[in-house]
Structure formats: C-alpha cells, structure tokens
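Quick notes on the structure that follows.
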Amino acid sequence: MDEDTVTEEAAMGDSGPRRPAPEPVAVGERTTLRPLRLADEAEFTARARQSRDLHRPWLFPPTDARAYAVWAGRLVGADDRAGYLVHERATGALAGYVAVNNIVGGAFRCGALGYGAFAGCEGRGLMAEALALVVGHTMDTLGLHRLEINVQPGNTPSISLARRSGFRLEGFSPDFLFIDGAWRDHERWALTQEMREQAP
C-alpha cells in the first residue's frame, strides 16, 4: 500500500462510524494478537507517547497521526510485511505491537520481527506470550520457515526476550540499521521451524 492511499476507515475520521476491530489471529492465556489497522492510530500513538521513556533509545514507534499513517500504511495490506497489536485479555489494554518485516517467500520463507511493549505492560511476560503467538501464527498459518530479530547490543530486555523465546544468536552486524540519526550495530537472532519443533 502506498503512503498516499486513504482507506474508507481513515476517510471517516473520528466522527464517522467505526468498524469493529478484526478478530484475533491468535489467543493466549493472557494476550490476544490481532491485525493492525489504520483506524488504530489514536490509541496506538497515545500509548507510544506514554511509553517514550521506556522505548528510548531503542525504539521510535510513531507518536503522531502523520507518522502513524506512514508506518501503518507500509504494514496494512502489504505482501511483504504484517503488523499486529497485542492486547491484555484481562483489561483489554493495548500492551504492545509486533511487526513482521521483509517477508520473503520461495526457498527462503523468512521474516524479520520488530516489537515493543507499552508502558505498564513491560516485564510482566505479556510480550513473551505474544511473541510465541506471532511465531505460531507466522510459521503455522503464514508458512514461514525462519524468523529473525535484529537487536542493538545494549538492549538487554529485547535480547532477553529473544533468548527466552528460543531464538539463537547467529552473528553481529556493525552499522546494520540507521536509528536515531546514526548507523547502529546489531546482534542477529533467529529461529527456524526445526528449532521450534526440537524445543523441549
């Protein structure tokens, strides 16, 4: 989807009728995982603004309508990307998000994960469950064979989540991604379907 595309939902604005949120693609004991929509902008950006201190300097999710339209516009309806929102079942609160980027089919069947918890939902195991739901959905339903997570070496919580989720460290890439005005080094973590099947 191109950045200038406006869907019927977005054109309605706040004053028009709203379509119900799509059904979850996966449900865990404590979280649900559902597709991201353009219509989620207000809730998402409010939570992102509340979570600035938690996210910096590692994550920069959109905090205003314009940035959200660009970010979500790349994920919604795309063939090579997908976006999901994580909600806490007990409260309905938006707990976090997961993006599956650079989805490649054919002999590769791989995607790269990006994720973040929102303030008040970190350190509670919600994102660990949500990441397991994403792994199950992308491998069992979408047919991916491999998932990758690229993490800055100092981002201890994200590295811990990757490790606990069964991903293995495969390497180190200097100057890998342009984040916050500079090219940042990243560790490369990965999980394959075989690793998942062999996990205890």
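Computed from the coordinates by the stated procedures, all read-outs in this text should not be read as laboratory data. Computed from a predicted structure; not experimentally measured. Please note: Cβ atoms are built from the backbone with ideal geometry, for glycine as well, and neighbour counts cover all protein chains shown.
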>> So W189 passes all but one of these: (1) in contact with a helix residue (DSSP H, G or I) (Cβ under 6 Å, 6 or more places away or on another chain); (2) not in a strand (DSSP E or B). Which condition number does it fail?
In response: (2)
> Is it true that R146 is without any contact (Cβ under 8 Å) to a residue 60 or more places away in the chain, in contact with a Ser or Thr (Cβ under 6 Å, 6 or more places away or on another chain) and not aliphatic (A, V, I, L, M)?
Replying inline: yes
> Of all residues in region 59-68 being surrounded by 15 or more Cβ atoms within 10 Å (Cβ to Cβ), touching a residue at least 24 places away in the same chain (Cβ under 8 Å) and in contact with a helix residue (DSSP H, G or I) (Cβ under 7 Å, 6 or more places away or on another chain), which is farthest from Y97 (Cα to Cα)?
Replying inline: Y68
>> Condition first: in contact with a His (Cβ under 8 Å, 6 or more places away or on another chain) and assigned to a loop (DSSP other than H, G, I, E, B). Now tell me which residues in region 140-169 satisfy that.
In response: Q152, P153
> So, of the residues in region 171-200 that are charged (D, E, K, R) and loosely packed, with under 13 Cβ neighbours inside 10 Å, which turns out to be nearest to G96 (Cα to Cα)?
Replying inline: D180
> Only one residue in A48, A95 is in a helix (DSSP H, G or I), touching a helix residue (DSSP H, G or I) at 6+ places or on another chain (Cβ under 8 Å) and either of a type in the set (D, E) or in contact (Cβ under 8 Å) with a residue 12 or more places away in the chain (or both), so which one is that?
Replying inline: A48
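Do you know which residues across region 122-138 are of a type outside the set (G, A, S), out of contact with any Ser or Thr (no Cβ under 9 Å at 6 or more places or on another chain) and touching a residue at least 12 places away in the same chain (Cβ under 8 Å)?
Residues satisfying the conditions are V134, H137, T138.
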> Looking only at region 51-86, which residues are outside any helix (DSSP H, G or I) and more than 16 Å from the chain's Cα centre (by Cα)?
Replying inline: R56, P57, D64
>> Whether any residue in region 154-164 is touching a helix residue (DSSP H, G or I) at 6+ places or on another chain (Cβ under 9 Å), touching a residue at least 24 places away in the same chain (Cβ under 8 Å), more than 25 Å from R74 (Cα to Cα) and surrounded by 18 or more Cβ atoms within 10 Å (Cβ to Cβ) is what I want to check.
In response: yes
> Name the residues in region 48-70 that are touching a strand residue (DSSP E or B) at 6+ places or on another chain (Cβ under 9 Å) and closer than 19 Å to F178 by Cα, would you?
Replying inline: H55, P57, W58, L59, F60, P61
> On the given criteria, is G120 in a strand (DSSP E or B) and either closer than 15 Å to E29 by Cα or among the small types (G, A, S) (or both)?
Replying inline: no
